[in-house]
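Peer 1: Structure incoming, see below.
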Amino acid sequence: MTPPEITPGRGITLDTADKSVDAAILAFATEFREAILMGGASARMCAAISGPLCAAFEVIGIPCGLVETDLGECNHVFLQMGDGRVLDPTADQFNGCSREQLPGVYLGAGALIHQFPVRWPGGQEWRPLMAELKRLYPQFEAHKLGDSVHHVLRTLPTENDAEIDL
């Protein structure tokens, strides 16, 4: 069975029994993630991928929110879907130090890294961009959205950028 297309404006009712919807969500999230990472590692990219992915899902009517967990030395940001399940587009970043080995994009009940999530207030800045991208790309294709996010992220200053004294 071919998974349904994720169509802008149609919305999706999340149902854990509907594996075709799960397949469509996983396919979209995976394609989106790969367009942003462009073959790079997912380490420390959870907010950079989860924020715009959640905004994209909200624009097309898929209920979700951003949450974070405190893992001791770092926090981890991911999506909590409207049905309570976790969608983590960077779950694999912890495979080197965890007894659980998760796929790159994980959809399901929370794993160890997802325990005790709290609402994460970030990510709101991506909503206007996703709304504009929906207008520009009516098909709202995951690879085009992810590529656009990749280019936006490349323009942001990093801690390695030298400060300019004026």
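Bear in mind these aren't lab numbers, they're just calculated from the coordinates by the rules spelled out. What you see is a predicted model; the values in this text were computed from it and never measured. Counting neighbours? That spans all protein chains shown, and the Cβs are built from the backbone with ideal geometry, glycine included.
Peer 1: If you stretched the chain out fully between Glu100 and Asp83, how much longer would it get, using 0.36 nm times the residue separation minus the C-alpha to C-alpha distance? Write out the running numbers ahead of the final one.
Peer 2: Numbers: separation 17, 0.36 × 17 = 6.12 nm, distance 2.30 nm.
Answer, rounded to one decimal: 3.8 nm.
Peer 1: I've got another one for you. Report the label-to-label distance for Ala27 and Leu156 in nanometres (one decimal), using points 7 Å from each Cα along the Cα→Cβ vector.
Peer 2: 2.9
Peer 1: Moving on to the next point. Tabulate in residue order the Karplus-calculated ³J(HN,Hα) for the range 143-155, using 6.51 cos²θ - 1.76 cosθ + 1.60 with θ = phi - 60°, rounded to whole Hz; enter x for Gly and Pro.
Peer 2: Karplus-based 3J(HN,Hα) across the range 143-155 equals 5, 5, 5, x, 5, 4, 5, 4, 5, 4, 4, 5, 8 Hz.
Peer 1: Which ³J(HN,Hα) values in Hz, rounded to whole numbers, follow from the phi angles of the range 57-64 under the Karplus curve 6.51 cos²θ - 1.76 cosθ + 1.60, where θ = phi - 60° and Gly and Pro get x?
Peer 2: Per-residue couplings from phi come out as 4, 4, 4, 9, x, 9, x, 6 Hz.
Peer 1: Points 7 angstrom from Cα along the Cβ direction at Arg127 and Glu141: gap in nanometres?
Peer 2: 2.8
Peer 1: How much net charge surrounds Ala55 when only other residues with a Cβ under 9 Å from its Cβ are counted (Lys, Arg +1; Asp, Glu -1)? Walk me through the numbers on the way to the answer.
Peer 2: Details: positive: Arg127; negative: Glu58, Glu125.
Summing Lys/Arg as +1 and Asp/Glu as -1 gives -1.
Peer 1: Using per-residue counts of other Cβ atoms within 10 Å, averaged over each peptide, order 50-57, 23-30, 136-143, 85-92 from highest down.
Peer 2: Values: 50-57: 26.1, 23-30: 19.8, 136-143: 13.9, 85-92: 24.1.
Final packing ranking: 50-57, 85-92, 23-30, 136-143.
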